[in-house]
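Asker: Here it is, the structure, as structure tokens.
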Amino acid sequence: MSRPPDTQALTTLIQKAFPHSRLLYVWPLAGGISASMVALEIQLDNGQTKKVIFRSHAHPRLVEKEFRLLQILQEQEIKTPAPFLLDQSGESDLLVIDYVEGEMCFAPTDLHSHLRQLATQLACLHQLDLSQYDLTFLPQNGAVCAELERERPSSSPHFPQETEIRFNLTPSNLPKVQNKQTLLHGDFWPGNSLWRDGQPTAVIDWEDALLGDPLIDLAQSRSEIAWIFGPQALESFTHHYQQQMPLDYAALPYWDLCAALRQIRLVGDDLAGFADYFAGYGRSDITPQTIRQNLNTFINNALARLNR
């Protein structure tokens, strides 16, 4: 993970983004695997205060990609943090974006409404017409599971189907029908949406964005929702998405298995660690046992549908 800049460097960078402003407060934010984030409150030259976020990446190209994409998404009026500055003058590239009020929500008061809004967020993204933009800076995913290239040293004892999954993700089972390529978030899970008073305020963390079949994004979301909210929630989310997206869904089992393979890799043997993370968000009901049970149910259903 890249290191955030010191206070002096932050002050200098703030002047680039907001001339004649003054740095008031700095506090760290929890970032992803490849990003470091700090939040800042500044006083603008007109006396008003503003909050912004500095994101630094271990991989410089991700910073520029996210900056350019956020510019496009702002033009398309997608709820994302507004980008203010891309700085590539230091040891690591930095991105200055707006601080959007809101929090991750894993224990919504109205789960049905929450899932419906999540599905609508994803559908709106996949419905964007970006033909007027140059998107060559985004990678593309063809009809192949990229997760197969990530070999694990050994199978997880919690998910004995891993070998069967890899066997089924063979060229003979490649999706024969491809939906029209769309913009994909690349990591659209409930933790990458911010919420306030039961309403979404922003979709965040666009560093994994790419172009590809929207089923790739849908399957990845499904694999996360399956073990965070359970099988019934998974069906509700999928139903709301499908109502808005007239796609060919024949290849969904393939992409579900690809997404499941990713989940197995990320969860690994640390089911307790994953469960502990959600306890801090009011979800003490998520345990190693529920993670294993819900993810295995998701995998078994995908295998059954693929071989139907």
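Asker: Go through (1) crowded, with 22+ Cβ neighbours inside 10 Å; (2) over 18 Å from the mean Cα position of the chain (by Cα) and name the single condition E91 misses.
Answerer: Every listed condition holds for E91 apart from (1).
Asker: Now a separate question. Going through the stretch 15-68 one residue at a time, which ones are of a type in the set (G, A, S) and free of Cβ contacts under 8 Å to residues at least 40 places away in the same chain?
Answerer: Keep residues of the stretch 15-68 that are of a type in the set (G, A, S), which gives 17, 21, 30-32, 34-36, 39, 47, 56, 58.
If the condition is that a residue be of a type in the set (G, A, S) and free of Cβ contacts under 8 Å to residues at least 40 places away in the same chain, then S21, A30, G31, S36, G47 are the ones that fit.
Asker: For residues in the stretch 286-308 being more than 23 Å from the chain's Cα centre (by Cα) and part of a loop (DSSP other than H, G, I, E, B), which is nearest to P160 (Cα to Cα)?
Answerer: Once the filter is applied, the top-ranked residue is N307.
Asker: Being more than 18 Å from the chain's Cα centre (by Cα) and aliphatic (A, V, I, L, M): is that true of L252 here?
Answerer: Values: more than 18 Å from the chain's Cα centre (by Cα): yes; aliphatic (A, V, I, L, M): yes.
The answer is yes for L252.
Asker: With the requirement that a residue be of a type in the set (V, I, T) and either under 30 Å from Y281 (Cα atoms) or not in a loop (DSSP other than H, G, I, E, B) (or both), what does the stretch 159-183 give you?
Answerer: Taking the stretch 159-183 and keeping what is of a type in the set (V, I, T), we get 163, 165, 170, 177, 182.
T163, I165, T182 - these are the residues of the stretch 159-183 that are of a type in the set (V, I, T) and either under 30 Å from Y281 (Cα atoms) or not in a loop (DSSP other than H, G, I, E, B) (or both).
Asker: Restricting the stretch 260-308 to residues that are touching a residue at least 60 places away in the same chain (Cβ under 8 Å) and of a type in the set (G, A, S), which is surrounded by the most Cβ atoms within 10 Å (Cβ to Cβ)?
Answerer: Result: A260.
Asker: Considering (1) modelled with pLDDT of 95 or more; (2) under 13 Å from Y254 (Cα atoms); (3) open to solvent by 10 Å² or more (accessible area, probe 1.4 Å), say which one D217 fails and leave the rest.
Answerer: Status for D217: all satisfied but (3).
Asker: I'd like to know if the stretch 246-259 contains one or more residues that are surrounded by fewer than 19 Cβ atoms within 10 Å (Cβ to Cβ), out of contact with any Asp or Glu (no Cβ under 6 Å at 6 or more places or on another chain), aromatic (F, W, Y) and modelled with pLDDT of 95 or more.
Answerer: yes
Asker: Just give me the residues in the stretch 5-23 being in contact with a strand residue (DSSP E or B) (Cβ under 9 Å, 6 or more places away or on another chain) and of a type in the set (D, E, K, R), in sequence order.
Answerer: Matches in the stretch 5-23: K16, R22.
Asker: For the stretch 109-124, how many residues are open to solvent by less than 30 Å² (accessible area, probe 1.4 Å) and either closer than 24 Å to P19 by Cβ or touching a helix residue (DSSP H, G or I) at 6+ places or on another chain (Cβ under 8 Å) (or both)?
Answerer: Total meeting the criteria: 5.
The values are calculated or read from the model by the stated rules, or taken from the named source; none is laboratory data. Please read all numbers here as calculations on a predicted model, not as lab measurements. Positions of Cβ are generated from backbone atoms using ideal geometry, with glycine treated the same way; all protein chains shown enter the neighbour counts. The area values use the complete protein model at the heavy-atom level, side chains included, leaving out ligands, DNA and RNA. Shrake-Rupley method; radii C 1.70, N 1.55, O 1.52, S 1.80 Å.
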